[in-house]
Amino acid sequence: MTWVLANLEQILELSLTHLRLSLLPIVLGFVIAIPLGWVAHRYRLTRGLILTLVGLLYTIPSLALFVVLPPLLGTPFLSEANVLIALTIYAVAIMARSTADALASVDPDIQQAATAMGYSSWRRFWVVDLPLAGPVLLAGLRVVAVSTVSLLTVGVIVGVDSLGYLFTNGYQRGILASVLTGVVVTVLIALLLDRVLALLGAWLMPWTRAGRASRRSRVAQPSQLVDRAPATVGTGVQGSGA
Amino acid sequence: MNLFLDAFAWIAAPEQWSGSGSLPQRLGEHLLYTVIAVGVAALIAVPIGWLIGHTGRGREFAVGLSGAARALPSFGLLFLFVMLVGVTLRGPIVIAVLVLLAIPPILAGAYAGFEVIDRRTIDAARAMGMTEGQILWRVEVPLGLPLLFGGLRSATLQVVATAVLAVFVGLGGLGYGIVQGIAVRQFDQMLGSALLIIALALLLDAVFALLERFAVPRGVRAGRTPIVRSASPRRRAVAEPSA
């Protein structure tokens, strides 16, 4: 505890850096994955192609990806860009699959009703499909957020300061409190982002809130899916990392 | 691309293939950690996952555990455990951390494999007079196998990736080349090691992909249905979507 108090300033600074570096891959991953997931969902041919590709990308261990990216992209070996790009790749890998699953979870009857009411396919996507796919998308995004925060710690090996610094530095100097603090704060930031996303989801998708959902059984389904989604991801793309 | 040629040259160089610290030795260490960790984790997680899946009790526990495990930084856990227990026991400790990381995905796979089975299949088995044991071994286990292999696949990838970091606590594995390469700025070694790690991960992934495919009992596709879709019973009854 005394170590934490004595180093509070550094811990706060690293936490803020960690949070800042985590946000970009999460947001970028989400934005890139939506069209990708849509293409994967829409066409049978691209589905296999895209999902296999993102599956393979997700298979690559993080440290290896950090090292392989610079010669591929022409970036310096020890730079923030490599880690941010690598984490974005992982985020896209998780999110593209989630998006395809999410769009597949939309009831076709509702889509047909929307089409019958005169919605163009473009408008239907934004007004009907995307909101109804929201709960599954959110579940995927929460997985992305949590795993990004956790993976970012490995970046310290290739010279990107994050809470991972508390691990390596603490281990080298034999300060248990430093490593423990690093683990605890990393988990706290992950849980914080997870909570924020959950609240954001409840605010944006009021129909998923508990209590209201039971009124109409059809609409209640997406909220059940949120609970199940983590296990789903586990069957496909969860897992790599470290 | 020059750097990649250098990396391949480094891999092909004869000095990497014999003596202590050679690539076959590093690869062997890496595989050994992986096999032991995933094996031990499977012995622990599969029976528990099947129990949860069969009885339907403890579902929240399985889902919560796999969610919570994702938040834990494995890199930090490695250091934390070695420091807590002491450097002398670091071999078993690293294995223990890898086991801990492998348990949640295997548990989720074992349990989800049972969860996706159409309830009517199990009801039919029971109506035919099968005992609980028969239902478990002849219906649920075979039908749940593809997702179980999926869980083992996730766990293996997680373990292979984390074993790369084992070098930081003084153990070998393929991560050695990367970390040493960074320290002495030897890019061919860094890149060569990274490429080998990627090849290993992709190879193991391919093995499990094949296992998953062959684990589907003949005439059955239900095991490959994503759980997301199985949540809508009506649509499942109409058409089983191909995964």
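Nothing in this text is a laboratory measurement; each read-out follows from the coordinates by a stated rule. This structure is a prediction, so every number in the text was calculated from the model and none was measured. Here the Cβ is made from the backbone with ideal geometry for all residues, glycine too, and neighbour counts use every protein chain on show.
Could you line up B:M83, A:M1 from fewest to most neighbouring Cβ atoms inside 10 Å?
On the way: B:M83 20, A:M1 7.
Fewest-to-most ranking of B:M83, A:M1: A:M1, B:M83.
In which sequence would B:V63, B:V116, A:V31 go, from the one with the fewest C-beta neighbours within 10 Å to the one with the most?
Ascending Cβ contact count within 10 Å gives the list A:V31, B:V63, B:V116.
Mind pulling the per residue volume of the convex hull built on the Cα atoms of chain A? Å³ is fine.
Considering the Cα atoms of chain A, their hull volume per residue is 138 Å³.
How many partner chain Cβ atoms sit within 10 Å of a residue's Cβ in peptide B:61-72, on average, as a whole number?
Details: counts 0, 3, 6, 1, 1, 6, 10, 4, 3, 16, 14, 6.
Across B:61-72, the average partner-chain Cβ count within 10 Å equals 6.
222 nm [θ] for the protein assembly as shown, helices only, -39500 (n - 2.57) per DSSP H run of 4+, per residue, to 500?
It lands at -25000 deg cm²/dmol.
Summing Lys, Arg as +1 and Asp, Glu as -1, what charge do residues with Cβ under 15 Å from the Cβ of A:L193 carry, A:L193 excluded?
That sum, taken over residues with Cβ under 15 Å, equals +3.
Find the centroid of the Cα atoms in region A:71-103 and in region A:7-53, then give the distance between the two in whole Å.
Going from one Cα centre to the other spans 7 Å.
Nearest 10 degrees is fine. How inclined is helix B:2-12 to the longest principal axis of chain B, computing both from alpha carbons?
90 degrees
Please list the helices of chain A that count as membrane-span-like by this rule: a mean Kyte-Doolittle hydropathy of at least -1.0 together with Cα atoms stretching 27 Å or more along the helix axis, each helix being a complete DSSP H run.
Sorted by number, the helices that extend far enough and score high enough are A:8-42, A:80-104, A:130-152, A:176-204, A:217-236.
Using Cα pairs closer than 8 Å and at least 6 residues apart in sequence, work out the relative contact order for chain A, in percent.
26 percent
Quick one: if you take sqrt(5λ) for each eigenvalue of the C-alpha gyration tensor of the protein assembly as shown, what semi-axes come out, biggest first, whole angstrom? All intermediate terms of the calculation are to be shown ahead of the outcome.
Numbers: eigenvalues 285, 136, 103 Å².
Semi-axes from the Cα gyration tensor: 38, 26, 23 Å.
Would you compute, for the Cα atoms of region B:46-105, the largest minus smallest coordinate along each principal axis and list the three values in descending order, in whole Å?
42, 22, 14
Over the Cα atoms, compute the radius of gyration (one decimal) and Dmax (the largest Cα-Cα distance, rounded to a whole number) for region B:1-97, in Å.
Answer for region B:1-97, Rg first and Dmax second: 19.5, 58 Å.
Which angle between 0 and 90 degrees, to the nearest 10, do you get for helix B:90-115 versus the longest principal axis of chain B when only C-alpha atoms count?
With both axes taken from Cα atoms, the answer is about 30 degrees.
Once you have the Kirkwood Rh of region B:26-236 from its Cα pairs, apply Stokes-Einstein at 20 °C and 1.002 mPa s and quote D in µm²/s. Spell out each step's value before the answer.
Details: Rh = 18.6 Å.
Diffusion coefficient, whole number: 115 µm²/s.
What distance in nm separates the simple spin-label points at B:E132 and A:L56, each placed 7 Å from Cα in the Cβ direction?
Taking the simple label geometry, B:E132 and A:L56 are separated by 4.7 nm.
As I understand it, the value is the acute angle between the Cα axis of helix B:74-85 and the longest principal axis of the Cα atoms of chain B; what does it come to in degrees, rounded to 10?
So the inclination is approximately 80 degrees.
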